[in-house]
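Everything below concerns the one structure shown next.
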Amino acid sequence: MDLIKPDLGLLFWMLITFGIVLYILGKYAWKPILKALSEREDAITEALDKAEEAKKQMANMQAENEKLLAQARAEREAILRDAKEMKESIIAQAKTSADVEGKKMIANAKENIEREKLAAIHDLKNQVASYSIEIAEQLVRKKLESSKEQEELVNKAINNFHLN
Amino acid sequence: MAAKVSRFFNLKVFSLLAVLLTFFAVKMVAQEEPKPEHSNEHATEQTAEHPATVGHESGKFNAGEMILGHIADEHDWHIVGPVTLPLPIILYSEEKGLDIFMSSKFEPHHGEERSYNGYEMHKGKIALASGTSIHDFSITKNVASLFITAGLLLFVFLTIAKSYKTRQGKAPKGLQSWLEPIILFVRDDIAKPTIGHKYQRFMPLLLTIFFFIFFGNLLGLIPIFPGGANLTGNIAIPFFLASVILITIIVIANKHYWGHIIAMPGVPKLVLLILTPIELLGFVLRPFVLMIRLFANISAGHIIALAFYSLIFIFGAKSAVAGYGVSIVSVLFTVFMFCLDLLVAFLQAFVFTLLSSIYFGSAIEEPAHH
């Protein structure tokens with residue numbers, strides 16, 4: 001029965017010892033240890049979070065770079081395309097404008113030629129008329145020495161005119 | 001949790017095992033030597049006192065008495081062979097008042113009976129020769145072992161606390177890295193899941209109880225001087241620890257907890273007549289079972305190891321050859337039991353702390369909002 005009967009002396013010493021140990025360890029060991037542990041854990045978590053964040057930032061930056069690069073590439077492409085288009089349009093425009101100009105010049109030339117022609121014809125007519133009058137005058141001077149001849153000539157001339 | 005436990009055992013306990021097995025070898029020498037002397041003495045006493053019964057009983061070895069003697073408390077610390085460490089004896093009685101002296105003052109009287117100054121010691125118990133009651137506050141083997149355990153706890157954890165201050169924020173090193181996984185184990189696998197977010201309040205008590213039991217158990221496994229006492233297997237220690245748990249529960253328990261014990265809500269009045277006594281009984285029984293479990297496990301470990309040794313002497317008494325033959329088997333079995341006891345040393349500390357933690361958790365649990 002001694003085995004299962006708590007001994008008063010041992011209980012008494014246990015009360016004192018355990019109390020002291022609990023107090024000292026609680027104040028000078030567990031508190032700083034647990035504090036240090038949780039602080040270290042917090043620090044580790046924080047460091048990991050920061051690393052994760054840095055990684056994310058890096059990835060973001062990379063993505064941004066890539067985006068910028070792609071944008072630049074697209075812009076270059078657009079510029080090239082624009083330039084090409086512009087070149088083509090300029091050429092086309094030049095072509096059409098040259099065409100138009102040519103046609104206009106040709107038309108002008110034709111008009112001029114026509115006008116010159118008409119003027120020349122007119123001139124010629126006038127010349128011919130004046131020559132005719134001169135000839136006629138000479139003829140008349142010569143022929144009108146007799147009235148018969150005059151009459152004849154006039155008739156002839158009239159007939160001639162008529163025919164014309 | 002199981003994974004953590006196994007990891008812990010892989011890393012730490014097996015290195016500890018190696019160290020303790022060395023002690024174990026010493027224990028063999030220490031135990032095998034004194035015993036034959038002891039039984040010889042016993043035999044000569046018996047020859048002197050009861051010559052009639054000696055005949056065929058000479059050198060008889062009483063295993064039960066030896067084992068119980070080792071399990072029980074003593075007033076001096078037997079170290080090796082004739083070397084005994086005397087311990088202070090503190091007695092108080094109305095007849096003689098307070099009396100303090102060393103246990104070596106007790107002169108061997110006839111056999112096991114020893115006496116000094118009117119005190120008589122019989123099988124480790126001191127009584128007054130006149131028979132009146134006496135209060136014994138002696139520093140017995142267990143009390144000395146208690147002081148050693150406490151001293152070890154204070155030394156180890158104050159050292160660690162200091163290294164946490166000097167090596168702030170750095171990885172643990174040395175003793176610190178040995179015990180940090182256990183501290184974290186108590187915090188993360190015992191206190192946090194069972195108590196919840198208020199666990200911090202209970203950490204000092206839980207850690208102190210855990211390491212007290214753990215160190216006490218391990219010291220009990222070391223067969224020579226600083227260890228060897230059956231401290232955590234002495235009923236007074238589990239009794240005290242369980243009382244601490246019970247008192248803590250009484251102090252911290254909230255209305256919700258008491259309400260469920262005294263009058264379980266939603267239960268008819270008539271049923272409460274049966275239920276309330278059961279709940280009250282359970283309330284006391286829980287710490288009681290904690291006490292019994294620790295006491296029985298640790299004592300059983302000591303008893304089994306000693307029983308295997310006793311086999312050697314029982315067979316040795318029949319014939320020397322049988323004794324040597326059995327000693328091989330016994331040693332092998334004891335090695336096995338020793339390994340098991342190392343597991344038990346941790347396991348009992350763990351179970352005691354875990355269950356205490358669960359009780360604390362249920363005592364401060366807030367009613368669930370439906």
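In terms of distances greater than 26 angstrom between alpha carbons, the cross-link table entries A:Lys35/A:Lys56; A:Lys50/B:Lys170; B:Lys192/B:Lys269; B:Lys105/B:Lys125; A:Lys5/B:Lys123; A:Lys5/A:Lys27 yield A:Lys35/A:Lys56; B:Lys192/B:Lys269; A:Lys5/A:Lys27.
Once the Cα atoms of helix A:8-24 and of chain A are each reduced to a long axis, what angle between those two axes, in degrees from 0 to 90 to the nearest 10, is obtained? In chain A, helix A:8-24 runs at an angle near 30 degrees to the longest axis. Each other residue within a Cβ distance under 15 Å of A:Ser130 adds +1 if Lys or Arg and -1 if Asp or Glu, for a net charge of -2.
Rg/Rh for the range A:40-163 stands at 1.93; both radii use Cα atoms, and Rh follows the Kirkwood definition.
Calculate how large, on average over all directions, the projected area of the Cα convex hull of the range B:126-230 is; give the answer in nm² to one decimal.
9.9
Shielding by partners for peptide B:162-171, expressed as the average number of C-beta atoms from other protein chains within 10 Å of each residue's C-beta, is 3. Extending 7 Å from Cα along the Cβ direction at A:Lys5 and again at B:Glu279 yields two label points whose distance is 3.7 nm. Measuring r between the beta carbons of B:Val83 and B:Arg293 and using R0 = 30 Å, the FRET efficiency lands at 0.30. Note on the range B:272-370: semi-axes of the ellipsoid equivalent to its C-alpha gyration tensor, largest first and rounded to whole Å, are 46, 16, 7. Placing a pseudo-label 7 Å from each Cα along the Cα-to-Cβ vector at A:Glu52 and B:Met264 gives an inter-label distance of 4.4 nm. Here A:Lys110 is the anchor, and the lysines within straight C-alpha reach of less than 30 Å, apart from those fewer than 8 places off in the same chain, are A:Lys95, A:Lys125. How much of the pair distance distribution for the range B:188-258 lies past 21 Å, counting alpha-carbon pairs only, in percent? The calculated P(r) of the range B:188-258 puts 39 percent of pairs beyond 21 Å. Once the Cα atoms are used to define both axes, helix A:147-163 deviates from the longest principal axis of chain A by about 30 degrees. Is the shape of the protein assembly as shown best called rounded, prolate or oblate, per the rule: a/c under 1.5 gives rounded, else a/b larger than b/c gives prolate, else oblate, with a ≥ b ≥ c the square roots of the Cα gyration tensor eigenvalues? Note, shape of the protein assembly as shown comes out prolate. Axis of helix A:31-143 versus longest Cα principal axis of chain A: the two differ by about 0°, to the nearest ten degrees. Normalising the average separation of contacting C-alpha pairs (under 8 angstrom, six or more residues apart) by the number of residues puts the relative contact order of the range B:154-281 at 10 percent. Each peptide in A:65-73, B:165-173 was scored by the mean count of other Cβ atoms within 10 Å over its residues; highest first, the order is B:165-173, A:65-73. The slack in the chain from A:Asn60 to A:Asp42, taken as 0.36 nm per residue of separation less the alpha-carbon distance, amounts to 3.9 nm.
Selection among A:Ala51, B:Ser243, B:Tyr309 by position relative to the dipole of the protein assembly as shown gives A:Ala51 as farthest towards the positive end (Cβ unit charges, Cα centre). The mean count of C-beta atoms from other chains within 10 Å of the C-beta of residues in B:202-211, rounded to a whole number, is 4.
Rounded to the nearest 500, the 222 nm mean residue ellipticity of chain A from helices alone is -33500 deg cm²/dmol, with -39,500 (n - 2.57) taken per DSSP H run of at least 4 residues.
Since every read-out is calculated from the coordinates, none of them should be taken as a lab result. Predicted, not measured: the structure shown is a model, and the values here were computed from it. Positions of Cβ are generated from backbone atoms using ideal geometry, with glycine treated the same way; all protein chains shown enter the neighbour counts.
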